[in-house]
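K.L.:
Mind having a look at this structure? Questions to follow.
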Amino acid sequence: MLERRSGTLWDVRTTAQFLALVSLLPFLPGGCFGAPARTVTPPARDATAALQAALDRGGRIFLPRLPDGKCYRTRGLWVNKSGTELTSDGACLEAIGPGPVRLQSPDGDPITSSAVLFISRAAGGLRPLLVKISGLKIVVPRQAASYGIAVFGDFVTLRNVDVTGAPVDALVVGGRGTPPVLNLTVDRCGFLGGRRNVVSIVSSIGMKMTSSLLTGASDDYRAPGTDQANGNPSAGIDIEPDDPDDPILNLEIRGNTIEQNAGPGILLALSTADGLPHRATGIAIVSNRILSNDLATTPPLEGGIAFQGGQADGKGVVSVVDNVITGNGGAGLQGHPTEGTVMRVLASGNDLRGNRGGKTSFVRIGGGSHLASAQLSTRAPHRSSIRRAFQTITETAQVTTKRPTTKYPIMPKSRLSSQAQKPSSRANLLEAT
């Protein structure tokens, strides 16, 4: 297994791997530059074998839509090949359960493809880069007990993809035992359900989520081996590292609608059982509509945007600019009721009217924070306010390199969500590398 390494050495190795692969992609069979897309027409009843064979070959793949809105039924699919591009004109994939084992965790547990699209390396391989998924609809019935999309590769793009039904999470980014996901782009997607969260971000650098809809977190996920079926974060977006070494850096959440979730609209749960994360800064939440969340009383935190913990040295920054945050059960900007946050919260131009808990509520907040709100007009946010937000996070998102090298833990260690709300090591999703 790979070890988590901090600082410049790991970044140089990752960059070198990326550049080397990019230089080879035009010469690979079915490479992603200019190669024609192959049309795949698998049987609808169980398309697993045909789809997996096409993905294992890699290159550009086109999946045509079935008549009358019918779905291709499939088990979880591994996306291992760099440069794979899966596109469609609206085809539907319906989950029927996990796929084959292609990897093992450090303690020997088999790892299946427990998401419909499981973007990860296989045993003996490298992490996939430059994967693109577009134009698909993914349906996850409750009985499939699956995730929608799991991303453990770098420079991945998801565009015009919908995930519906009852997934554990519609999208999960990074996880235990894995290096951070680099430069994920999620644009114009619809994530319309999640029994634990709609979107879970565990470990990422340079992720962008734009112009998407996130709704329907239901707080009815029961982890294997447990009896508890509520008390999940149940957020539209749960930003929650498992370990202090999990980075959350330069995360942009812009122009999305996040509404009608059982828990908070956005949850920054930047706290773990082993302490605060070493790198959690450069977070920008800009021009979103965060509406009518906190529909249930069972999630542990509430709020339009909920804040807990923060970067360990107290220098983490989150900018909250020109959002409409209204109709939520907690405060518009809600701190953890006992722990608060050590993040420097720079809020401006937000409409915080009409939240049951008021505009803001913090027992503790990072030094230098300001929480000014404004009544938004219907005009688009002025570019200067957004430019100021990104100038601030660029100036402050410095990565500490003088930390001891540690190995990723196997089991989750969240202070916010008990282990019962996380998959066990045998659930296999968050252990892929």
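The values are calculated or read from the model by the stated rules, or taken from the named source; none is laboratory data. Because the structure is predicted, anything quoted here is derived from the model rather than measured. Cβ: placed from backbone, ideal geometry, glycine included. Neighbour counts: every protein chain shown.
K.L.:
Would you kindly identify the strands (runs of 3 or more DSSP E) lying entirely within the stretch 118-187 that contain at least 3 residues that are at positive phi and not aliphatic (A, V, I, L, M)? It would help to see each step written out before you state the result.
P.N.:
Details: elements: 132-134, 137-140, 147-151, 157-159, 162-165, 169-173, 185-187.
The strands (runs of 3 or more DSSP E) meeting that bar number zero.
K.L.:
Taking the stretch 255-301 on its own, how many of its residues are buried (at least 21 other Cβ atoms within 10 Å of the Cβ), charged (D, E, K, R) and under 21 Å from Leu192 (Cα atoms)?
P.N.:
Counting residues in the stretch 255-301 that are buried (at least 21 other Cβ atoms within 10 Å of the Cβ), charged (D, E, K, R) and under 21 Å from Leu192 (Cα atoms) gives 1.
K.L.:
Sticking with this one: Within the group Ile325, Ile290, which residue is part of a strand (DSSP E or B), free of Cβ contacts under 8 Å to residues at least 60 places away in the same chain and touching a Gly at 6+ places or on another chain (Cβ under 8 Å)?
P.N.:
Of Ile325, Ile290, the one residue that is part of a strand (DSSP E or B), free of Cβ contacts under 8 Å to residues at least 60 places away in the same chain and touching a Gly at 6+ places or on another chain (Cβ under 8 Å) is Ile290.
K.L.:
Here is a further query. Inspect all residues belonging to the stretch 109-118 and state whether any of them is at pLDDT below 95, surrounded by fewer than 20 Cβ atoms within 10 Å (Cβ to Cβ) and under 24 Å from the mean Cα position of the chain (by Cα).
P.N.:
yes
K.L.:
Now a separate question. Quick one: in the stretch 349-364, of everything that is surrounded by 16 or more Cβ atoms within 10 Å (Cβ to Cβ) and touching a residue at least 40 places away in the same chain (Cβ under 8 Å), which residue is nearest to Gln311 (Cα to Cα)?
P.N.:
Phe362
K.L.:
List every residue pair whose Cβ atoms lie under 7 Å apart, where the two residues are 6 or more positions apart in sequence or sit on different chains, the first residue falls within the stretch 59-72 and is more than 13 Å from Val139 (Cβ to Cβ), and the second residue, located anywhere, is acidic (Asp, Glu).
P.N.:
What qualifies is Arg60/Glu85; Ile61/Glu85; Pro64/Asp89; Arg65/Asp89.
K.L.:
Residue check: is Ala284 within 14 Å of Val318 (Cα to Cα), touching a Pro at 6+ places or on another chain (Cβ under 8 Å) and either of a type in the set (S, T, N, Q) or in contact (Cβ under 8 Å) with a residue 24 or more places away in the chain (or both)?
P.N.:
The answer is no for Ala284.
K.L.:
Hey, another quick one. Among the candidates Pro224, Pro244, single out the residue that is touching a helix residue (DSSP H, G or I) at 6+ places or on another chain (Cβ under 8 Å) and either touching a residue at least 24 places away in the same chain (Cβ under 8 Å) or part of a loop (DSSP other than H, G, I, E, B) (or both).
P.N.:
Pro224
K.L.:
Then there is this: Considering every residue within the stretch 236-243, establish whether at least one is under 15 Å from Asn328 (Cα atoms) and acidic (Asp, Glu).
P.N.:
Within the stretch 236-243, none of the residues are under 15 Å from Asn328 (Cα atoms) and acidic (Asp, Glu).
K.L.:
Okay, moving on. Out of the stretch 123-137, which residues are among the charged types (D, E, K, R) and either touching a Cys at 6+ places or on another chain (Cβ under 6 Å) or crowded, with 23+ Cβ neighbours inside 10 Å (or both)? Outline the logic, then answer.
P.N.:
If we filter the stretch 123-137 for residues that are among the charged types (D, E, K, R), which is where we start, we get 127, 132, 137.
If the condition is that a residue be among the charged types (D, E, K, R) and either touching a Cys at 6+ places or on another chain (Cβ under 6 Å) or crowded, with 23+ Cβ neighbours inside 10 Å (or both), then Arg127, Lys137 are the ones that fit.
K.L.:
How many residues are modelled with pLDDT under 95, in a loop (DSSP other than H, G, I, E, B) and surrounded by fewer than 18 Cβ atoms within 10 Å (Cβ to Cβ) if we restrict to the stretch 33-64?
P.N.:
10
K.L.:
While we're looking at this one, here's another question. Which pairs do you get when a residue that is closer than 16 Å to Gly99 by Cα and surrounded by 24 or more Cβ atoms within 10 Å (Cβ to Cβ), found in the stretch 142-164, comes within reach of a residue that is acidic (Asp, Glu) and modelled with pLDDT of 95 or more, reach meaning Cβ atoms under 8 angstrom, with the pair 6+ apart or on two chains?
P.N.:
Listed pairs, sorted by first residue: Tyr147/Asp169; Gly148/Asp169.
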